[in-house]
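Encoded as structure tokens, the structure appears first; notes follow it.
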Amino acid sequence: MSGRGLSRQLLGIGRAAGRGAPGGRLRFVALLLAAAALTAVAAAAVGAAAMYHGRDVRDRARGPVPATARHPATVLWSDLDEAAGDVPHWIVYVEPLTPDAAPPPGVRAWPAPGEVLLSPALAAAGDGVRERYGRYAGTIGAAGLASPAERLAYVRPRHPPAGAERRSWDAAAGFGRAYGLGEAQDPEPLPMLLLALGGLAGVPALALATVAARCGSATRDRRTDLLRALGARRRHRALIDVGEAAPPVLAGTALGLPPVATALAVPVRLPITGYVLAPGDLRAAWPLLAAAVAAAPALLLALVVALAPAAPGGGTRPRRFAERVPRRRLAACGAAFAAVAGSQYLGGRTGLVVFSLGTLGLWAAAPSLGAMLSGRLGRSLARLGRRAGPPGLLIGGRWTAAHPGVVVRLAAATAIGLGLIVQLQVWTSRLNDEAAAAHATRDRIGAAVLTVDAGAFDPAAVRAFTARLPAGSRVLTLTEGGTGPDVIAGGCADLRRALRLPCTAAPAALPLDGDPRVQELRKWYGENGIAARTAPARARPPDALLVVADRAAPDQERRVKRAAFAALPAPRVQTLGETWILGVDRYVRTGRWLLLFGSCGLALLLAAAGVGAAAEFLRFGPALAPVAVLTGRTRVFHAVAWWHLSVPLLVTTLVGGAVTAWDGLLFVSVVRDGHLDWGVLAAAMAGCAAAAVAVGAGGGLAAARAARRWRPVAD
Amino acid sequence: MVGPVVRARGVRYAVGGRVLLDGAGLDVPAGGSVAVSGPSGSGKSTLLMCLLGLVRPDAGEIAVAGADVTRMSRRALAEHRRRTMGMVFQFGELLPELTPVENAALPALLGGTGRRAAYAAARELLVRLGVPVEGTATGLLSGGERQRVAVARALAAGPAVVLADEPTGALDAEAREAVADLLFALPAEHGCALVVATHDPAVAARADERLVLRGGRLSAEAAA
């Protein structure tokens, strides 16, 4: 037979073998999922690179080119970062200087004086943003945005900047230089993102691929040994393995394609991060994307071939049942537990190091501890089954006690996955001390004190601003003291009514107790103290204005911002310390990416462990088939799977959730920062519980189905 | 005697164009034993599966304990099988993680018998058969002991007929003798019918009636 003909034959033999193999359906599903996961991860990696590239290209196109003698200024340009709630956005002030000045990318025509163009995401952000900066005149096109969800505004002031205000503007000869504006400002390096994707989602996808490749391997290994004995070379055996695995692998790749195709066609918002993918960027990278999508099944098929045993399986010793867990491993587990518990009393860096080592130790010891607990749980279930009578409980318990590895692998994946998710959440919820303090201040006084920073304050502009403020708002000035105390100044009535401060011509230190707003001001200003006085007739311009309200309405900040942007040049209106909150936004965003990848990784880990467990279950299942079939009670498989797989996993989920919560809360107390998000923990536990039930149901169904096909084969 | 416990007439079964049973028939009375011999692939196991009702013949009648198993619904058949039939396989087909008494009690437990009665009956049978009852997993027993547990399991529900498919095929000579002694003593001790499929002439020789399955038909074996 020709080489090609033989290859086709061998591929066909493999395909046929796959259809009839015990547990074939389970392996089909496992390979299908693994192929889909690898395709998704490979596409995500290429997608990330494409997004970064597209963002860089657009950032380069929209950055201002400084004017020079050879390239005179055609536009005045200034930028400002702002926020709607805690979500930052970026404002670019523009003022064309010549009639033929080209607008920035994504802007078809210059907005008229007093008009504003918003990115679609910013226009939909609410919080009064649409009316805040001027008359809304339309949206910025995709060519001018780093990503479809970027929050960006182009604002043209009512009047061209003049005087002192003009100094804060840059003269640009046009656009076309990398600047780092908006989302392109200080991004995480692409290699870091790819590393996180690879570590948190790629490795679990490979774990799933490995488990799927070896799922139900006993039959295949026997076949491989037989083929080897018959003279089949490695290439022949590989072709049969490929023929068997190819249909599910290709189907899984096909399953991974619709999300990729959707992302190529329309903007897709990613869960958790809220990041919107630019389809154009992906389309530009289609050759690489196609290569990645093709590489995923190739990698999986290569794994299938590579993981087939190269030499015949040796050993004729009988299988041994559960062994005892070495005492030293349990001691190590106890030491890790003690380290985590004791770290809170050490505090500081030492506490954190001890805590981290203890947590790693706990995770490492989880399988050993799980094996011991699983064995005990199994014996308890069997005793209960013996006393109460249900055969499913008895058999499930005996299997768990005799084969704790099945449960342990599943339980370890569950516990480590839960721990990973919660640790990611807690780590990324960490703010620095100032940001945490700013949140606390906001919780206490809301927007009752707002700072307004607008460069040089023109008295007429300040009057106009004051006139536009909501009723009950009073304006004070704040002048930084340099080496002396910062000074709050205002009219006598304003000082008295706004902050209940005495009227003194000489600066008087703020009282140490009393009005909570005063106490918050003391926290945030004046390294050298803070004082208040009545406004002198002649004073140097203040560094900031304070807008104080007796009882801040829920929309106080929004209304003050609107007044500020209407009257002052490029104002920055913030609650006390808000700048620290916005400063950590980058870390919060990074944390969300890690959480997204980690969640995918957890799902893949659970899938891998579930498939492994179901495959093992199918290996034991045939032993029960004769009795079950002869008595017509194949439902017993569901009961056994429930007690052998689902119940231990549900117990693990509960115990793992409790330990994880304890670990997370201890972490918060050790670093005195961040918080444990109970919603994330509950969602992760619900996912694990659902997986526990699904693994039991799947294992039971597959085993019952296999048992119904069982027939005596002695003859 | 009221009539045979197992009665098969004109049983025909073909699979993939190959006729395995072509008008096979046999009668086994209560307290009697029949050995079915024949070369490998002759259809001995298929015949047992037909008697168990796991395979429905293309034609013919099979009555076990007075009921035609070829015409019963799946549920009724399972119930009838639980009540009236016990089966011993070549490799025992026991759960190695369970104790012998748990293995022997399993069919009764699955059949809804109360746990006290099921375990007591299983324990009594195992003691009579000389198998360690507790304290060791079935997987750690010798081959002969495992087959005795399998016999106990087949007897646990007090069946009218015990079917055995190559019950000594995986045993050494000593264990084979012991298990054969045990099996062929069952009809007399328990009043049940025994059908043994075996290719071992020494085992077949112990049966009241020896049949050979050849060309799909059962015929009496000529005395040696």
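A few comments on the model shown:
- Flag if A:PRO111 is surrounded by 15 or more Cβ atoms within 10 Å (Cβ to Cβ) and touching a residue at least 60 places away in the same chain (Cβ under 8 Å): no
- Some residue of segment A:387-395 being in contact with a strand residue (DSSP E or B) (Cβ under 9 Å, 6 or more places away or on another chain), surrounded by fewer than 20 Cβ atoms within 10 Å (Cβ to Cβ), outside any helix (DSSP H, G or I) and at positive phi: no
- Remark: pairs (first residue in segment A:462-485, among the aromatic types (Phe, Trp, Tyr) and exposed (fewer than 15 other Cβ atoms within 10 Å of the Cβ); second residue at pLDDT 90 or above and outside any helix (DSSP H, G or I); Cβ separation under 9 Å; 6+ apart in sequence or on different chains) are absent.
- For segment A:614-659, filtered to residues that are more than 14 Å from chain B (Cβ to nearest Cβ) and of a type in the set (Ser, Thr, Tyr), the residue that is nearest to A:ALA683 (Cα to Cα) is A:THR653.
- Only strands (runs of 3 or more DSSP E) whose full extent lies in segment B:1-98 are considered here, and the ones with at least 3 residues that are of a type outside the set (Gly, Ala, Ser) are B:6-15, B:18-28, B:59-64, B:85-88.
- Residue match in segment A:690-699 (condition: within 14 Å of chain B (Cβ to nearest Cβ) and either assigned to a helix (DSSP H, G or I) or under 23 Å from A:GLY358 (Cα atoms) (or both)): no
- So B:GLY43, is it buried (at least 24 other Cβ atoms within 10 Å of the Cβ), at positive phi, of a type in the set (Gly, Ala, Ser) and within 14 Å of chain A (Cβ to nearest Cβ): yes
- The one condition in (1) within 28 Å of B:PRO107 (Cα to Cα); (2) within 14 Å of another protein chain (Cβ to nearest Cβ); (3) out of contact with any helix residue (DSSP H, G or I) (no Cβ under 8 Å at 6 or more places or on another chain); (4) free of Cβ contacts under 8 Å to residues at least 24 places away in the same chain that B:ARG18 fails to fulfil: (1)
- Sole exception among (1) surrounded by 19 or more Cβ atoms within 10 Å (Cβ to Cβ); (2) part of a helix (DSSP H, G or I); (3) within 11 Å of chain A (Cβ to nearest Cβ) for B:ALA152, by number: (3)
- Restricting segment A:211-245 to residues that are crowded, with 18+ Cβ neighbours inside 10 Å and polar (S, T, N, Q), the residue that is modelled with the highest pLDDT is A:THR224.
- The residue that is surrounded by the fewest Cβ atoms within 10 Å (Cβ to Cβ), among those in segment A:58-82 that are farther than 11 Å from A:GLY176 by Cβ and among the hydrophobic types (A, V, I, L, M, F, W, C), is A:ALA69.
- Taking segment A:1-108 and the strands (runs of 3 or more DSSP E) fully enclosed by it, the elements with 2 or more residues that are under 24 Å from the mean Cα position of the chain (by Cα), in contact (Cβ under 8 Å) with a residue 12 or more places away in the chain and farther than 22 Å from A:LEU193 by Cβ are at A:75-84.
- Selection over segment B:52-84 of residues that are surrounded by 22 or more Cβ atoms within 10 Å (Cβ to Cβ) and more than 11 Å from every other protein chain (Cβ to nearest Cβ) gives a count of 4.
- Conditions (1) out of contact with any strand residue (DSSP E or B) (no Cβ under 7 Å at 6 or more places or on another chain); (2) buried (at least 22 other Cβ atoms within 10 Å of the Cβ): number failed by A:ALA172: (1)
Yes/no per residue for (1) outside any helix (DSSP H, G or I); (2) among the charged types (D, E, K, R); (3) within 26 Å of A:ALA603 (Cβ to Cβ); (4) free of Cβ contacts under 8 Å to residues at least 24 places away in the same chain:
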{"site": "A:ARG177", "(1), (2), (3), (4)": "yes, yes, no, no"}
{"site": "A:GLU188", "(1), (2), (3), (4)": "yes, yes, yes, no"}
{"site": "A:PRO191", "(1), (2), (3), (4)": "no, no, yes, yes"}
{"site": "A:ALA201", "(1), (2), (3), (4)": "no, no, yes, no"}
{"site": "A:ARG222", "(1), (2), (3), (4)": "no, yes, no, yes"}
{"site": "A:GLY256", "(1), (2), (3), (4)": "no, no, yes, no"}
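- Tally of residues being assigned to a helix (DSSP H, G or I), closer than 18 Å to A:GLY63 by Cα and out of contact with any strand residue (DSSP E or B) (no Cβ under 8 Å at 6 or more places or on another chain) across segment A:123-154: 2
- Residues in segment A:573-593 that are buried (at least 20 other Cβ atoms within 10 Å of the Cβ) and either in contact with a strand residue (DSSP E or B) (Cβ under 9 Å, 6 or more places away or on another chain) or of a type in the set (Gly, Ala, Ser) (or both): A:VAL573, A:GLN574, A:THR575, A:LEU576, A:GLY577, A:GLU578, A:ILE581, A:GLY591.
- Cβ-Cβ distances below 7 Å connect no pair with a first residue in segment A:409-432 that is closer than 23 Å to A:VAL211 by Cβ, a second residue that is basic (Lys, Arg) and modelled with pLDDT of 80 or more, and a separation of six or more residues or different chains.
- Considering segment B:85-117, the residues that are more than 8 Å from chain A (Cβ to nearest Cβ), free of Cβ contacts under 8 Å to residues at least 40 places away in the same chain and of a type in the set (A, V, I, L, M, F, W, C) include one that is farthest from B:VAL149 (Cα to Cα), namely B:ALA117.
- Entry remark, segment B:118-145: residues being of a type in the set (Gly, Ala, Ser), closer than 17 Å to B:GLU93 by Cβ and more than 10 Å from chain A (Cβ to nearest Cβ) number 4 in total.
The values are calculated or read from the model by the stated rules, or taken from the named source; none is laboratory data. Just so you know, these numbers come straight off a predicted model, no measurement behind them. Here the Cβ is made from the backbone with ideal geometry for all residues, glycine too, and neighbour counts use every protein chain on show.
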